[in-house]
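The values are calculated or read from the model by the stated rules, or taken from the named source; none is laboratory data. Bear in mind the structure is a predicted one, so any value in this text is a computation, not a measurement. Here the Cβ positions follow ideal geometry from the backbone for every residue, glycine too, while neighbour counts run over all protein chains shown. When the accessible area is computed, the model is the full protein with side chains, heavy atoms only, and any ligands, DNA or RNA have been set aside. Shrake-Rupley method; radii C 1.70, N 1.55, O 1.52, S 1.80 Å.
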Amino acid sequence: MKLDQKEIARYLGRGAAALPPEVAAQAEACQKELAAAVTPRTIARRLPVDTFTGESRDLAHHLRHCREGFLYAVTLGPAADRLLRRWAAQSMAKAAVGQAVCAAWLDQLCADYCQSLLAQAGEGAYLTPPFSPGYGDWALSVQGRVLDLLEAPKRIGLTLTNGGMLVPEKSITAVVGISDREEESCGQKCMRCKKKDCPFRAGEARSED
């Protein structure tokens, strides 16, 4: 997988600024190490959206035109966590670049996986942007139930710490709604996020009806 340098720069807090040559070279080296070490795993389940919408007004609004959606999880696996620890031991600068590379890699994997889910959604269907526990008023405390519904610990080795953090660290859980409206199909989750001051924003927030 060839990552977009702009995405890595965004995760490093550089906005639209290009990566300096030495940072770009370090990012390339991290990508090569990551590609050689990790075995990403994915899992999804098609569910009625009211499985979760009663827990969050923001999520209910996000999925207001949908009756079903895909609950999914994507993880880079434990090898990515080991690499991050190794990079941190080598230098904090490399650790920061490695974190950005892993985040961009995980985002791209999720985008690719959602494309594969779209093929299962049916003719004329569109997928909304992903919505994850912790977005808006959807509490992180639902992660345990998300993993249970997906049987993620058994099927892809994705678990939670006592503090509610995903293990492996470089993992994502989310819901995408299945809609019959083309305007629902927006691959960039930042386009619907109302947190305009987020340092990792990739686009302007879009108004919704």
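So, counting K/R as plus one and D/E as minus one, what does the shell of residues with Cβ under 13 Å around A100 add up to? With Lys, Arg at +1 and Asp, Glu at -1, the neighbours total +1. Projected label points at R85 and R181, each 7 Å from Cα along the beta carbon direction, are separated by 4.7 nanometres.
Backbone geometry of the stretch 82-95 corresponds, through the Karplus equation with coefficients 6.51, -1.76 and 1.60 at θ = phi - 60°, to 3J(HN,Hα) couplings of 5, 4, 4, 5, 5, 5, 5, 5, 6, 5, 5, 5, 5, 4 Hz, x marking Gly and Pro.
Distances between placed amide hydrogens fall under 5 Å for E68 paired with V49, I178, all partners being 5 or more residues away or on another chain.
Here, the stretch 56-98 has an Rg and a Dmax of 18.3, 49 Å when only alpha carbons are counted. C102 exposes around 0 Å² of accessible area when a 1.4 Å probe is run over every protein chain in place. Estimated from the Cβ-Cβ distance and a Förster radius of 25 angstrom, the FRET efficiency linking A36 and A16 is about 0.25. Surface exposure of the chain, expressed per residue as accessible area with a 1.4 Å probe, stands at 53 Å².
Annotation: amide H-H contacts under 5 Å for L19 (H modelled 1.01 Å from N, sequence separation of 5 or more, or interchain): none. Both radii come from the Cα set of the stretch 1-131: Rg as radius of gyration, Rh as Kirkwood radius; their ratio Rg/Rh reads 1.06. Looking at the stretch 1-31, none of the GluC sites (Glu not before Pro) sits in a DSSP loop with at most 10 other Cβ atoms within 10 Å of its own Cβ.
For the chain, averaging the sequence separation of C-alpha pairs within contact (under 8 Å, six or more residues apart) and dividing by the residue count gives a relative contact order of 27 percent. In this label model, R67 and Q108 are separated by 3.8 nm, measuring between points 7 Å along each Cα→Cβ vector.
Here the stretch 1-158 exposes an accessible surface that is 53 percent carbon and sulfur, computed with a 1.4 Å probe and the other protein chains kept in place. Placing +1 on the Cβ of every Lys and Arg and -1 on the Cβ of every Asp and Glu, with nothing else charged, gives the stretch 1-78 a dipole about its Cα centre of roughly 220 debye.
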